[in-house]
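The values are calculated or read from the model by the stated rules, or taken from the named source; none is laboratory data. As the structure is a prediction and not an experimental result, all values here were calculated from the model. Because the Cβ atoms are built from the backbone with ideal geometry, glycine has one as well, and the counts that use them run over all protein chains shown.
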Amino acid sequence: MTPIKYYIPLLLVVLLSNCKQKPLKLSNPTAYTKDCTQVVNYIVKGNKVYAEKSGYEAFAKSMLFYDSAYQIAQKSNDTLLIGASYFALGRAYDAWNKDPQKTIAYYSLAAKYYEKLPDRLYRALYLKHLVAHAYDKVHDSANTVNTINQLYNQIKVLPDSILKTLDFTTEMALICTEVKNYDLATHILTDISSKIDIKNDPETYDYLNHYYLTKARLAVYNDKLTHSPYIDSLEKVLQNTKNISDSNYYIENLRELFRATNNTNKWQLYSDLNRQTFYKLNAPTGILSMQKTINQIENSAIQREIELRKEQVKTRNTYGAVLLLFLLIISALTIFLYQRGKEIKKSRNQLYNSNKDLASKNLQNELLNKEIHHRIKNNLQIILSLVYMQERNTDTDEVKNNMQSIRLRIESISNLHQQLMEQTDNIDLNKYVQLLVTNVSNLLGDEKKIINHLQIQSIQVSQKISFPLGLIINEWITNSVKYAKPTNDYLELFINIYNGNNQITVQYHDNGIAQTQKPITKSLGLDIVQLLCSQLNAQLTTNPQNIFDYTLQIPLSDGE
């Protein structure tokens, strides 16, 4: 097997060259190339640990590297890097086998991303077969067959020059036999695998050995033959296996094949071998070691108990008078505590009555607060109706546009007020902003199709921060809808909010073409943003390369 270190330079060259060839829409190409390098380095490090296959600890460690690559790939928005990171995470979860649904999800996502790259067709098809394999591991036969069928229909129309490179098609047939779909397995071997020079690949699968197993299963389980030369080939494969895991796999399959052919002697032989290999794979040394440790602990506990009893007898005989004195002291303390308990009970009753009065007053305050919010909501709706009536009754475009702008802001304030009514004093900024952006996007979505990309930490803030921040984000989104000129049919909004250095940082931009000058028309929204920033004592900066690329830093006071 070729050491993994020889593949590292090749992987670096392939991925980095792809990054450089992709048209960059970022303002900082140097940082983008740096992200590509970091993703490659993390995946290479993860692959190196994964290749050791020294146990679950190694797979868990590799997953940490893959997750780091995934985080950077998501920020880079590069199709190849994201697909590679999803593939790496899928491999780790597949090996770890603790959450098979995540294995399916990551492999499926990786396949979708590789499908977007014409020069990565092999990897996309290969990943689809891994998705089918993952479904088989959770015994989901329906999805297994459905995935293999889709893959088969996609592959069989490809030119022979491409078909000859798809060596994993033998694994597709083997998966079909696992779920007893022998007809589909036969079609795959006949239409696709027959055009491939099948051989074992130490880097991926023992394709030739698995081909023998697939043909043997078809002969015995589907064609009902009592013997097949492929079974002889499997027995030779078993003789050449070098590890107990592969030996056990082929022994189990040979045992089942000979049982299906009613070959009692062979079935008995491989049943005995299967018990031997199973015992080797599941040696009781660990159990014996644990039992020995438990016995040692119990013996030590018994010995300590004997010594403790001896010490107790000695103490009882030597210090009897002292114990009697302690008994008298304890009796006195008991009387004291009894009297003290009566006083505490009296105080507790008084405290209960006080709390009851406070709860009653608190309920009154809550009802009053709800009444105030209800009146505010009704007043906002009345104002909104009046503005809407004025908007419909005017024939002047400028007035109509101004009325429409005012109406949208009132609707946003109404939505913010509704959210605040449903929140406590401390608001989860993640849930709050997600709901806010969704409402505003739906409100303005008639003008443009809006896609939101939100990365928001779960930060608890007070309403004096959440409300102005909500209005600021509303104004930014409104400006994006009005002025952004995306290169495609979708307006994409990117919002990143995180807490660090005792301040909240808010980053906002869209996928519109970068603009360096403000619109000529006077913008009430920008004035509102400046006033709200002053209210928050926050610092607002814009990217010189794009005036609609904002960074807002909100300082946190003590207790927030």
Which residues, counting only those in the range 149-192, are over 36 Å from the mean Cα position of the chain (by Cα) and buried (at least 19 other Cβ atoms within 10 Å of the Cβ)?
LEU189
Please state which of the following conditions LYS180 fails to meet, knowing it meets all the rest: (1) modelled with pLDDT of 90 or more; (2) on the phi < 0 side of the Ramachandran plot.
(2)
So which residues in the range 447-498 are among the β-branched types (Val, Ile, Thr) and modelled with pLDDT of 85 or more?
ILE450, ILE451, ILE456, ILE459, VAL461, ILE465, ILE472, ILE473, ILE477, ILE495, ILE497
Matching residues, the range 183-208, being assigned to a loop (DSSP other than H, G, I, E, B) and either within 20 Å of ALA134 (Cα to Cα) or modelled with pLDDT of 90 or more (or both):
GLU203, THR204, TYR205, ASP206
Meets criteria (of a type in the set (Lys, Arg), in a helix (DSSP H, G or I) and more than 39 Å from the chain's Cα centre (by Cα)) for ARG275:
yes
Anything in the range 512-545 that is in contact (Cβ under 8 Å) with a residue 40 or more places away in the chain and in a loop (DSSP other than H, G, I, E, B)? List them, or say none.
ALA514, SER523, GLN545
Being charged (D, E, K, R) and within 24 Å of ILE162 (Cβ to Cβ) narrows it down to one residue among LYS102, LYS116, LYS137; which is it?
LYS116
Restrict the check to the range 309-327 and report whether at least one residue is under 28 Å from TYR230 (Cα atoms), modelled with pLDDT under 85 and among the polar types (S, T, N, Q).
no
Out of all the residues in the range 461-482, is one or more touching an Asp or Glu at 6+ places or on another chain (Cβ under 8 Å), within 19 Å of ASN77 (Cα to Cα) and either among the β-branched types (Val, Ile, Thr) or outside any loop (DSSP other than H, G, I, E, B) (or both)?
no
